[in-house]
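The structure appears below as structure tokens.
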Amino acid sequence: MSDFKASLNDKMIGRLALADEGQYVVRDTDLKGFFLVIGKRKKTFTVLGEFWEGGKRHAKKVALGTVEELSTRDARVKARDALAKIARGEYAAEAAAAAVAKAQAGLAIEKAADVTLRSAWARYKIYLERKDRSAATIAGYGDHVERLMKDWLDLPLMTLGENPRMVSDRHDQLTRDNGPFGANGCMRTLRAIYNHARRSARELPADNPTSAVDWNDEKRRDTAMGTFDLPEWMNQARRLRHAIRREFHLFTLLSGSRPGALQRAEVTHFDFARRVLHVPRPKGGAKRAFDIPLSRDMLRCLGRAMRISRMLHPEHAERWIFAADSDEGHLVEHKEPRERLSKWGNDLRQSYRTLGQAAGLSDIDMHLLMNHRLPGVNAGYITRDKLMSDHLRAAQQKLSDYIVTAGMTPSKGGAKRERAWPRLPSRYIGDDILDPTPPDPRLGVPIGPRRKKAEESEAKAA
């Protein structure tokens, strides 16, 4: 979308769409130098002013805050103050004073020629940790730098900045070797590291070297299940011999949560009285922490998972809901062979959103249940916690009923006795008839006498 001018106000801003690619600007007709920068994820109030220094005119741009943080009226007040400070040269004076203070403290101002990719990544990693980014996010960036750009670790960023063709060639190579998504992700990491390094090494070329990249088209993977896919998936899931993983996949489908967050779910995060599971560090860090309202089917699922965890990993089960024999003590690997379980991980998150639409839940309810940012200024007035105990839990229950009922419909080859799961109470774990899956003998879980006799008969017949 191209730039344009308008009289900025909350109502109009709420109707503006986020950018599909890059950014576009909406300039305020009431206050010169005040405008709104709209990107793919956020809308930011900004000012651009001028000041004179050394007989030359200079420009200074200052970001005031996002529309989630400021109303238009408050942003316009801050804009007037910022424009006045720019005109007086106060921002330039503050920057100069900071540089002098840094030099007086004995800290050498970093030279661009000394900045390597390794050192720039080390500093950017500290920045990510200060911003409370998740460990998975930092690990993903680290994989891009330390594996896909390993041979560049000791290369000065100045070399890349002056030779953007090196970057575009590497992107082409990664596209061939690692696929279009991996290549784009690696280049986005390099772009962020370079921009961060240039804050302190101003001699680096202003144009980011990734500007030479011909980005691959990225299409969202359409891997969700529909209503008619559920019976077969439920049959596959109930036959998984690892019972903790079976419950993990089911809870991922019923909650629509990201697998990485559920793997680290702790017993103390589960509040049975309030019927919620707290997620303290979702995508976006601790500031995006939220509670998942639990339906009756989700309560049963967590009950079974904790009971099985106590049976198999009693020490780790004191802390983790989905316990495992890992260094961390919780489930780490959730991938399954596709022939054994056709959908897992983010496939189930997409399925949750798709099935929510089929079940008749509103867009706002789905945003709230999945902890997505609410679109527009009007929806931003909604207080999620006030809807938790009644409205959101009722919506969650409606969706769980839809998923479980559709999944328990007998499919080709389905056996009637298997239909007790996923509504199996935790006390029946290991039951000869109702528990759908014989336990993996490597896990040391005792099996009932009737099942044991049936397995012995099968072994003799073989």
Among residues of region 223-234, those that are surrounded by 20 or more Cβ atoms within 10 Å (Cβ to Cβ) and in a helix (DSSP H, G or I), counted: 3
Helices (runs of 4 or more DSSP H) lying entirely in region 255-363 (those with 3 or more residues that are more than 30 Å from P375 (Cα to Cα)): 296-312, 314-317
Tabulated pairs, region 150-166, first of a type in the set (A, V, I, L, M), second in a loop (DSSP other than H, G, I, E, B), C-beta under 7 angstrom, 6+ apart or interchain: L157/V115; L157/L204; M158/L204
Residues within region 129-152 that are assigned to a helix (DSSP H, G or I) and either among the small types (G, A, S) or at pLDDT below 90 (or both), tallied: 9
Exclusive hit being aliphatic (A, V, I, L, M), touching a helix residue (DSSP H, G or I) at 6+ places or on another chain (Cβ under 8 Å) and within 30 Å of R41 (Cα to Cα), set L312, L355: L355
Matching residues in region 153-169 - criterion: being surrounded by fewer than 22 Cβ atoms within 10 Å (Cβ to Cβ) and part of a helix (DSSP H, G or I): M158, T159, E162, P164, R165, M166, S168, D169
Answer from N371, N346 - the residue that is touching a residue at least 12 places away in the same chain (Cβ under 8 Å), in the same structural domain as L250 (by TED's automatic domain parsing) and buried (at least 20 other Cβ atoms within 10 Å of the Cβ): N371
Residue in region 201-222 that is outside any helix (DSSP H, G or I) and small (G, A, S) present: yes
Scan of region 269-289 for residues that are charged (D, E, K, R) and either outside the structural domain of A394 (by TED's automatic domain parsing) or more than 16 Å from Q397 (Cβ to Cβ) (or both), ordered by number: D271, R281, K283, K287, R288
Test set (1) over 30 Å from A122 (Cα atoms); (2) at pLDDT 90 or above; (3) surrounded by 14 or more Cβ atoms within 10 Å (Cβ to Cβ) - I193 fails condition number: (1)
Filter result (under 13 Å from S7 (Cα atoms) and either outside the structural domain of I86 (by TED's automatic domain parsing) or outside any strand (DSSP E or B) (or both)) within region 17-32: T29, D30, L31, K32
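Yes/no matrix, rows are residues, columns are (1) more than 30 Å from L299 (Cα to Cα); (2) touching a helix residue (DSSP H, G or I) at 6+ places or on another chain (Cβ under 7 Å); (3) of a type in the set (A, V, I, L, M, F, W, C); (4) modelled with pLDDT of 95 or more:
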| residue | (1), (2), (3), (4) |
| --- | --- |
| G161 | yes, yes, no, no |
| R199 | yes, no, no, no |
| A206 | yes, no, yes, no |
| D229 | no, no, no, no |
| G256 | no, yes, no, no |
D30 being more than 30 Å from R191 (Cα to Cα) and in contact with a Leu (Cβ under 8 Å, 6 or more places away or on another chain): yes
Qualifying residue in region 342-362 (condition: acidic (D, E) and touching a strand residue (DSSP E or B) at 6+ places or on another chain (Cβ under 9 Å)): no
Check on F248, touching a Phe, Trp or Tyr at 6+ places or on another chain (Cβ under 6 Å) and surrounded by 15 or more Cβ atoms within 10 Å (Cβ to Cβ): yes
Some residue of region 52-68 being surrounded by 13 or more Cβ atoms within 10 Å (Cβ to Cβ), basic (K, R), touching a residue at least 40 places away in the same chain (Cβ under 8 Å) and not in a loop (DSSP other than H, G, I, E, B): no
Residue match in region 290-311 (condition: more than 24 Å from R423 (Cα to Cα), without any contact (Cβ under 8 Å) to a residue 12 or more places away in the chain and in the same structural domain as I403 (by TED's automatic domain parsing)): no
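The values are calculated or read from the model by the stated rules, or taken from the named source; none is laboratory data. Worth saying up front: this structure is predicted, and the values here are computed from it rather than measured. Cβ coordinates were reconstructed from backbone atoms using ideal geometry, including for glycine residues, and neighbour counts include every protein chain displayed.
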